[in-house]
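Take a look at the structure set out below.
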Amino acid sequence: MTPDEAIDAVYLWVDGAAIAGRPATLAPHRDRDNGELRYSLRSLFAHAPWVRRVFLVTNGQRPAWLVQSHPRLRVVSHADLFLDEACLPTFNSNAIELQLHRIPGLSRRFLYCNDDVFFGGPVVPELFQHPDGVPWPLLDGIEVPRNHDAGLVHDRAYAYSQRVAAPGWEPPPIPSLPPHCPQLYDREVLAEIERALPAEHARTSAQRIRSPDDLVMRILHGRHVLAGRTEPRTVLRESSNEYCFVQIRNSTFDAARRLLRILRLRPRLFCINDDVDKAFGPRLLLRTLPVLLEHMFPTPSPFEADL
């Protein structure tokens with residue numbers, strides 16, 4: 001692998017309001033579409049023009065505004081990636097992420113993005129990789145949860161993925177959590193993880209919603225590529241010009257304050273995470289989100305059709 005190889009981007013996207021058979025126990029914010037994908041793609045084209053192609057992974061849906069025939073875009077269905085069709089439909093992002101190395105035509109190294117992450121300023125490939133081309137995970141300095149037996153489901157899955165091992169695959173724990181931002185992954189590493197942990201991989205793939213014993217890609221991949229490396233870690237300082245994370249929850253004032261901070265700082269990488277249940281104030285704030293993003297990213301990407 002060389003540092004000048006092409007790099008693609010992979011997005012996961014879903015519109016939960018239009019999914020048949022959606023589990024009643026799944027929280028609304030897990031797959032709610034607030035229109036973020038349009039603006040995340042705008043930010044990608046504005047600030048990471050070196051990305052070769054974009055692969056949009058969906059359950060078969062696509063946004064009405066998407067130019068699916070664009071030569072730099074590939075829309076990939078979950079059915080194209082899962083080896084066992086009995087695992088579908090799935091509502092578990094951990095399960096979907098474990099299949100990404102099977103995307104046909106995907107570059108070996110690829111940027112993985114959720115639709116709620118954005119590029120607020122210019123980025124270069126060197127931010128995400130070593131000079132030798134190996135992915136270099138960005139970290140946020142927050143300790144990885146240790147308790148697999150209690151706590152939030154995703155924290156328990158982090159703890160499980162931090163310690164899972166198998167003969168011939170026992171990389172050390174990662175020093176801290178990767179932040180909610182674009183990260184560079186190596187599809188050959190993901191394939192190796194599947195070979196090393198076949199039972200755990202198959203179990204996660206079959207779990208339709210997030211579970212405490214899920215394998216989590218960003219933890220496993222980080223453990224693998226950081227093993228044996230002694231270089232200083234790249235730690236993104238939260239609420240800085242480098243990185244901001246906004247979780248819109250029940251505190252409307254706090255979320256609004258953080259959104260205004262993004263407008264002021266224009267951080268190079270940021271995430272606006274929807275964690276809203278039923279509270280009126282935060283739901284109203286979500287309705288204003290496209291206005292803020294339109295202000296930050298007014299130039300349409302080539303993937304947008306005129307409707």
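Miscellaneous remarks
- So PRO125, is it in contact (Cβ under 8 Å) with a residue 12 or more places away in the chain, open to solvent by 60 Å² or more (accessible area, probe 1.4 Å), of a type outside the set (A, V, I, L, M, F, W, C) and over 19 Å from ASP15 (Cα atoms): no
- Output for segment 83-104, where each listed residue is open to solvent by 20 Å² or more (accessible area, probe 1.4 Å), part of a loop (DSSP other than H, G, I, E, B) and within 18 Å of MET217 (Cβ to Cβ): LEU83, PHE91
So that you can scan it fast, the table gives a plain yes or no per residue for (1) within 18 Å of ASP274 (Cβ to Cβ); (2) among the acidic types (Asp, Glu):
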site	(1), (2)
PRO198	no, no
ALA202	no, no
ALA206	no, no
PRO212	no, no
ARG229	no, no
ARG233	no, no
GLU242	no, yes
PHE245	yes, no
PHE253	yes, no
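- From LEU26, LEU37, residue being within 23 Å of LEU285 (Cα to Cα), of a type outside the set (Asp, Glu), open to solvent by less than 60 Å² (accessible area, probe 1.4 Å) and more than 17 Å from the chain's Cα centre (by Cα): LEU26
- If the condition is being over 20 Å from LEU236 (Cβ atoms) and more than 23 Å from the chain's Cα centre (by Cα), then segment 261-287 contributes LYS278, ALA279, PHE280, GLY281, LEU284.
- Residue within segment 62-76 that is surrounded by fewer than 16 Cβ atoms within 10 Å (Cβ to Cβ), without any contact (Cβ under 8 Å) to a residue 60 or more places away in the chain and in contact with a Gly (Cβ under 6 Å, 6 or more places away or on another chain) present: no
- Total residues in segment 227-253 satisfying the condition of being outside any loop (DSSP other than H, G, I, E, B), out of contact with any strand residue (DSSP E or B) (no Cβ under 9 Å at 6 or more places or on another chain) and surrounded by 13 or more Cβ atoms within 10 Å (Cβ to Cβ): the figure is 1.
- Among the residues here, PHE45 qualifies as open to solvent by 30 Å² or more (accessible area, probe 1.4 Å) and of a type in the set (Phe, Trp, Tyr).
The values are calculated or read from the model by the stated rules, or taken from the named source; none is laboratory data. Every value quoted in this text rests on a predicted model; they were computed, and no experiment measured them. Here the Cβ is made from the backbone with ideal geometry for all residues, glycine too, and neighbour counts use every protein chain on show. Side chains included, ligands, DNA and RNA excluded: accessible areas come from the protein's heavy atoms. Shrake-Rupley method; radii C 1.70, N 1.55, O 1.52, S 1.80 Å.
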